[in-house]
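A.B. asks: Okay, handing you the structure first.
The values are calculated or read from the model by the stated rules, or taken from the named source; none is laboratory data. Just so it is clear, the model here is predicted, and its values are computed rather than measured. Every residue, glycine among them, receives a Cβ derived from its backbone with ideal geometry; neighbour counts consider all protein chains shown.
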């Protein structure tokens with residue numbers, strides 16, 4: 001055991017007295033991760049998106065039901081008016097849905113498609129939603145000819161706002177799914193109804209209201225509610241955590257490779273041969289060098305862990321712990337990483 005510690009202490013002393021190696025172990029990953037975090041830190045925010053500017057152009061000629069107007073009403077957070085005010089919804093669900101969509105989107109209704117696209121091009125709007133003139137006619141064709149006609153709504157996105165454009169596209173797609181579901185369900189119900197009775201239903205205000213309700217967000221009977229496990233609040237995304245951890249592990253591999261290089265240097269200088277001919281088992285020599293590599297990498301990860309915490313606190317303007325609340329898991333990852341890099345260094349030394 002004394003021989004193992006002697007070999008370990010000798011390697012540790014050589015490592016931590018070498019200025020170039022210390023720069024490679026600590027200064028390089030700390031500088032790189034900090035520069036990357038400062039550069040890309042402004043592109044990520046934990047503030048929720050609100051009031052996304054959207055231009056809405058409704059060219060739909062109308063029909064029974066008027067699907068274009070239903071979509072416009074839902075996007076402008078007046079889904080109840082689109083349904084004729086008679087949808088069987090609960091006040092809480094309807095209010096929550098309307099408030100959420102109203103907070104998310106800032107709808108500007110336009111009449112000119114060219115103006116809407118120009119507004120997107122000059123970054124006035126994040127996206128433009130354009131409802132074609134034959135939207136209701138094609139969608140309602142299933143009631144007349146029992147045949148589905150293809151139609152689509154154009155979402156003209158701003159390439160400078162990809163996230164906002166994706167959100168608008170997802171919202172429109174969700175509304176279209178509800179309308180399609182309601183239309184197909186209504187057509188299935190009317191399939192066995194006589195033609196004259198269908199005509200009577202088509203001109204009935206109550207029937208139009210009930211069909212329009214199928215597209216209303218307030219009639220959703222199944223909702224999903226997310227809950228945090230363990231009562232822990234999620235931490236905001238910090239780019240220093242991602243880049244710092246990756247740079248620390250990347251340079252830990254260089255440290256392990258440096259240990260393998262030191263073995264080869266000792267062999268070339270004859271030091272390793274003199275050590276092996278002494279009354280010291282080969283296993284003791286390898287355990288001593290592997291222990292030195294393990295301690296070096298673990299010290300490197302620990303110091304970088306503390307350094308990145310201080311850098312993150314400086315960037316945030318307040319003292320904060322950027323690595324989360326699972327301290328046992330963090331320690332376990334650091335120890336296993338040190339063991340893995342030590343094993344890799346031993347493999348490199350054996351192959352060399």
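A.B. asks: Tally the residues that are closer than 15 Å to residue 161 by Cα and not in a helix (DSSP H, G or I), restricting the search to segment 107-122.
C.D. replies: Matching residues across segment 107-122 total 1.
A.B. asks: For residue 197, work out the one condition from (1) surrounded by fewer than 18 Cβ atoms within 10 Å (Cβ to Cβ); (2) at pLDDT 70 or above; (3) more than 24 Å from residue 61 (Cβ to Cβ) it doesn't fulfil.
C.D. replies: (2)
A.B. asks: Can you give me the ranges of the helices (runs of 4 or more DSSP H) entirely in segment 225-316 with at least 3 residues that are exposed (fewer than 14 other Cβ atoms within 10 Å of the Cβ) and either modelled with pLDDT under 75 or touching a strand residue (DSSP E or B) at 6+ places or on another chain (Cβ under 9 Å) (or both)? Spell out the reasoning first.
C.D. replies: Values: elements: 239-269, 271-277, 282-316.
Correct list: 239-269, 271-277.
A.B. asks: Just to confirm my filter: which helices (runs of 4 or more DSSP H) fall fully inside segment 1-55 and include at least 3 residues that are exposed (fewer than 13 other Cβ atoms within 10 Å of the Cβ) and modelled with pLDDT of 75 or more?
C.D. replies: Details: elements: 2-16, 19-22, 28-40.
Hits in segment 1-55: 2-16.
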